[in-house]
Amino acid sequence: MLSVRFCPFSLPSPGCARGGTGAGLTEISGIPAYNPLGEALKVRLPASSVYLSQNSKETDWLPRLAPLLPFQIPTPLGVGRPGHGYPFEWSVWNWIVGETATQANIGSMQSLANDIAGFLNALAACPTSGAPPAGPDNFFRGGNLSVYDSQVRTCLAKLQEHVDVVGLEQIWLQALRSSWEKSPQWVHGDIAWGNLLMRDGRLQAVIDFGSSAIGDPACDLVINWTLFDLAAREAFTHAYDTDPGTWARARGWCIWKAMLTLSENMNDPVVAHRELAVLNNVLQDVVR
């Protein structure tokens with residue numbers, strides 16, 4: 001998904017933008033869309049047809065979820081139609097003030113862990129009637145982890161000289177032995193530092209719901225090992241109270257992505273170091 005900032009203009013309502021004057025890439029109800037919108041708004045342009053369902057899902061569902069969540073999420077303000085050489089629907093959103101989460105701007109990792117747990121608990125309580133299920137469009141986030149079994153097997157074979165293959169395979173098999181037996185819950189699908197906005201050291205907003213769906217919330221717990229230190233992990237597991245099987249599947253989601261990223265970036269020392277650290281966090285967590 002591409003995000004481009006433009007300057008303020010009088011934007012029609014989402015319904016008007018979708019059903020009104022045939023807006024295209026360079027027009028929204030007759031207003032040139034390439035006018036800069038300053039700090040107030042952003043325009044989102046799907047880079048390919050792969051992202052069309054994600055864009056539609058977000059514009060339809062985020063206004064319903066926003067009032068039920070304890071932190072800001074993006075708000076759609078209008079939808080533009082294809083035109084003038086651009087083939088897809090596109091959308092205009094509010095610009096949320098904040099900085100992408102980093103080690104430097106997180107005031108307290110434990111506070112962040114508690115805040116994210118609170119956000120996920122609230123998300124899990126949101127109504128799900130008519131909501132989209134997990135599937136190929138959201139890379140099966142919230143779905144059955146077994147769809148990635150062949151990738152994990154390939155990664156284990158490729159990484160056998162670099163990681164604890166026996167330990168990671170045991171974690172993976174334990175993840176596959178459990179399943180979500182409760183009613184589907186809302187899943188963000190990509191709770192990661194890049195989708196967390198901080199302000200004055202505290203969580204301000206959670207963005208990018210393109211991988212959201214309803215299903216098994218285990219995939220949203222991966223941040224426990226990708227970002228949090230030991231004290232924050234303890235705070236997170238206490239604040240987000242769920243069953244051992246869900247934590248087992250969360251570890252499965254985590255090692256799948258870490259091994260896949262590692263196997264594709266062994267020649268990048270920064271990425272390799274980061275992903276090896278994630279895998280080590282998971283392995284240590286199991287030992288504890």
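Restricting to the range 239-266, what's the tally of residues that are more than 19 Å from Leu168 (Cβ to Cβ) and without any contact (Cβ under 8 Å) to a residue 40 or more places away in the chain? Of the residues in the range 239-266, 3 are more than 19 Å from Leu168 (Cβ to Cβ) and without any contact (Cβ under 8 Å) to a residue 40 or more places away in the chain.
For the range 87-103, the criterion of being crowded, with 16+ Cβ neighbours inside 10 Å, more than 27 Å from Ile214 (Cα to Cα) and in contact (Cβ under 8 Å) with a residue 60 or more places away in the chain is satisfied by at least one residue. Scanning the range 56-88 for residues that are among the small types (Gly, Ala, Ser), in a helix (DSSP H, G or I) and touching a Phe, Trp or Tyr at 6+ places or on another chain (Cβ under 6 Å) yields a total of 0.
What do you reckon, is Gln151 surrounded by fewer than 18 Cβ atoms within 10 Å (Cβ to Cβ), under 18 Å from Trp225 (Cβ atoms) and touching a helix residue (DSSP H, G or I) at 6+ places or on another chain (Cβ under 9 Å)?
Details: surrounded by fewer than 18 Cβ atoms within 10 Å (Cβ to Cβ): yes; under 18 Å from Trp225 (Cβ atoms): no; touching a helix residue (DSSP H, G or I) at 6+ places or on another chain (Cβ under 9 Å): yes.
Judged against the criteria, Gln151 is not a match.
With respect to Ser178, determine if the residue is under 17 Å from Cys254 (Cβ atoms) and either surrounded by fewer than 15 Cβ atoms within 10 Å (Cβ to Cβ) or in contact (Cβ under 8 Å) with a residue 24 or more places away in the chain (or both). Taking the combined requirement at face value, the residue satisfies it.
Ser29 - would you say it is exposed (fewer than 15 other Cβ atoms within 10 Å of the Cβ), polar (S, T, N, Q) and modelled with pLDDT under 60?
no
Residues in the range 89-142 that are modelled with pLDDT of 95 or more and either assigned to a strand (DSSP E or B) or among the basic types (Lys, Arg) (or both): Glu99, Thr100, Pro133, Arg141. Checking the structure you have, find out if any residue of the range 108-126 is over 30 Å from Thr75 (Cβ atoms), in contact (Cβ under 8 Å) with a residue 60 or more places away in the chain and out of contact with any helix residue (DSSP H, G or I) (no Cβ under 7 Å at 6 or more places or on another chain). No: the range 108-126 contains no residue that is over 30 Å from Thr75 (Cβ atoms), in contact (Cβ under 8 Å) with a residue 60 or more places away in the chain and out of contact with any helix residue (DSSP H, G or I) (no Cβ under 7 Å at 6 or more places or on another chain). Of the residues making up the range 212-237, those that are without any contact (Cβ under 8 Å) to a residue 60 or more places away in the chain and surrounded by fewer than 20 Cβ atoms within 10 Å (Cβ to Cβ) number 4.
Would you say Leu156 is under 18 Å from the mean Cα position of the chain (by Cα), of a type in the set (A, V, I, L, M), more than 17 Å from Ala248 (Cβ to Cβ) and in a helix (DSSP H, G or I)? So that I can check it myself, show each step before the final result.
Details: under 18 Å from the mean Cα position of the chain (by Cα): no; of a type in the set (A, V, I, L, M): yes; more than 17 Å from Ala248 (Cβ to Cβ): yes; in a helix (DSSP H, G or I): yes.
No; evaluated as a whole, the condition is false for this residue.
The values are calculated or read from the model by the stated rules, or taken from the named source; none is laboratory data. Here the structure is a predicted model, which means the values were calculated and not measured. When we count neighbours, we look across all protein chains shown, and the Cβ atoms used for this are built from the backbone with ideal geometry, even at glycine.
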